[in-house]
Each structure stands twice: as structure tokens, then as C-alpha cells.
Amino acid sequence: MLLPVYRGDRPDYLRRAFRSVVDDQELRPAEVVVVRDGPVGAELAEALAELTSQSVVPVVRVDLEENVGLALALEAGLAACSHEIVARQDADDISRPRRFAVQVPLVVGGLDVVGSAIEEFGSDLDGETPGLVRVPPLSAREIAETSRFASPFNHPTVVYRRSVVAAVGGYEDLPLMEDYWLFARLVAHGARMANVPEPLVRYRVGAGAYARRGGSTLLRSELELQRRLRREGFTTLGQAARNVAVRGGYRLVPETLRRSLYQTWIRLRRSG
């Protein structure tokens, strides 16, 4: 299990996230790799030390001297992983107890990447209040079709083969879009993929979540992503133009409208 942590993470959320993938799982991971992406505050450092010392599963620490961003932090973590099958976990989300028992056998059975639906929830610590369920495309065909317009996986839910991710170049730096860019390359290279409709991860949507889905930084990453997809022949000229207009435009609308559009899109996808 690969878990990146940076200075913006909350110690109480980290403790809950960590325990959800170690103490609560029906199928526990054999190893936890924690990447500390740059310096952190005293409280977060204390939480990391506590979790490392008390874990019932061996913990490997990768402490980066400077904050390098998610893509490079994940690459450093993957290099430290001892096993072929790797699961992602964020420092503020909660994995359901069945998560690895459902996903890992699918990878053992021949798939390269397995994700799942997520259930979005607010700032309550345990995340037991029912939230919005986001179901990704399920079959290989649906994943390939969706990937021409949107990321086909909920990144914090994925379990994958480390060698397959490495074969396409791993995570490459592209702020807030590194996961989509990786998944597109995996699709292009014929990776065997599927998603599980069950929401195996509870995804924390904090106060700034919708703000982070817009703005000039994300717009620049969006445009760079579309340039790369087109350069690699992954999208047609028409698809690229559509993506710039729709996805790029979404980054520029006011936050309240962005929230409404996002939730409407999720409900439309669920209704088919």
C-alpha cells in the first residue's frame, strides 16, 4: 500500500486513513510505503512516527527533503515498494474493510489495474454520513471510451501491477492531472483494466475541493494534458477541440457553478 503525505494533511485524517487500510481490512497489505513529501509540521510528524511504530504491518518510510509534488512522490514510493501489486491510498480518505479482499484477487487473476466507485463525504472524521457515489466506467471498452474525455479511474481507489505502470513511464509531473495522464498511457498500451461498481473508498471532499478543480494552475495543466494526448495520437483533433472547450471551460466557471455542473454530471453518468 502506497501512501503519500505532505504538510497540508491533517494528523487526525491521516490516522483514520492509515488504520482503514491496515487495521480494518479483511485482507491486510504485506507492506505499507509512506512517502513524506517534504517537511511537515510537528503534529503531523508525530502522527507519522506513531503510526509507523504501532503498525501491525511493516512500514517503509521514504522521507523527501523537499516537497516535489504528487507525481514524483509516488514515483519515489513505487521505487521503495517490495511487491508487484500496489494499492493507492490518500492521507485523508477511508478504505472500506472489503477493499483489498475485492480488488487484489482481480489483479492476481490477470488484470493490471483495478479501481472502484467512491463515496464522497464531507469533513466529519469517520465519514459515516451517506454521500454522493461516483461510479466510474466498468468494462475495458467503457474505460477506453471514457479516457478520451475524462479520467477512467478514481485515483485513490486503484490497485495495479507496479511493472505495468513502470513500463509506460510511471507517474510524470503534471500538477493535478498526473493520474489521468498515467491512465491514458496505460489504456494506449493495452493494459488490462476494470472498475468495481461497489464504493470501496470513502473520498473526503473538503471545503476547498471544488475550488481546486478550477483556476489558472489547473487550466494550464488541462491544456498541457490535452496537448500530450493529441501528440501521442490518443485523441483525434475533434476530441481534443471538444476537451479544451468543455474541460477547459469548466476550469474557468465560478466555483458554485462548477459544483453544480460536477454533481449533475455524476448523476447523469449514474443514470446511464
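The values are calculated or read from the model by the stated rules, or taken from the named source; none is laboratory data. Keep in mind that this is a model prediction, so the values were computed, not measured. Positions of Cβ are generated from backbone atoms using ideal geometry, with glycine treated the same way; all protein chains shown enter the neighbour counts. Areas reflect the complete protein model, heavy atoms only, side chains present, ligands, DNA and RNA absent. Shrake-Rupley method; radii C 1.70, N 1.55, O 1.52, S 1.80 Å.
Below is a table of values for the structure above.
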{"item": "Positions within the stretch 81-96 being out of contact with any Phe, Trp or Tyr (no Cβ under 9 Å at 6 or more places or on another chain), open to solvent by 30 Å² or more (accessible area, probe 1.4 Å) and either over 11 Å from Pro199 (Cα atoms) or in a strand (DSSP E or B) (or both), in sequence order", "result": "Ser82, His83, Glu84"}
{"item": "Residue check for Arg141: over 16 Å from the mean Cα position of the chain (by Cα) and in contact (Cβ under 8 Å) with a residue 12 or more places away in the chain", "result": "no"}
{"item": "Residue in the stretch 45-52 that is of a type in the set (Val, Ile, Thr) and surrounded by 15 or more Cβ atoms within 10 Å (Cβ to Cβ) present", "result": "yes"}
{"item": "Pairs where the first residue, in the stretch 86-111, is without any contact (Cβ under 8 Å) to a residue 24 or more places away in the chain and farther than 23 Å from Leu70 by Cα and the second is of a type in the set (Ser, Thr, Tyr) and surrounded by 15 or more Cβ atoms within 10 Å (Cβ to Cβ), C-beta under 7 Å, 6+ apart", "result": "none"}
{"item": "Check on Val57, over 19 Å from the mean Cα position of the chain (by Cα), closer than 19 Å to Glu31 by Cα and modelled with pLDDT of 95 or more", "result": "yes"}
{"item": "Out of Gly131, Gly110, sole residue that is on the phi > 0 side of the Ramachandran plot and open to solvent by 10 Å² or more (accessible area, probe 1.4 Å)", "result": "Gly110"}
{"item": "Extreme residue, farthest from the chain's Cα centre (by Cα), among residues of the stretch 202-243 that are among the aliphatic types (A, V, I, L, M) and modelled with pLDDT of 90 or more", "result": "Leu237"}
{"item": "So Val33, is it in contact with a helix residue (DSSP H, G or I) (Cβ under 6 Å, 6 or more places away or on another chain) and surrounded by fewer than 20 Cβ atoms within 10 Å (Cβ to Cβ)", "result": "no"}
{"item": "Selection count, the stretch 144-168, where residues are among the aliphatic types (A, V, I, L, M), out of contact with any Gly (no Cβ under 7 Å at 6 or more places or on another chain) and closer than 24 Å to Arg204 by Cα", "result": "2"}
{"item": "Qualifying residue in the stretch 140-147 (condition: at pLDDT 95 or above, of a type in the set (Asp, Glu) and farther than 17 Å from Ile118 by Cα)", "result": "yes"}
{"item": "Lone qualifier among Glu119, Glu198 - being open to solvent by 20 Å² or more (accessible area, probe 1.4 Å), in contact with a Phe, Trp or Tyr (Cβ under 8 Å, 6 or more places away or on another chain) and under 27 Å from Glu31 (Cβ atoms)", "result": "Glu119"}
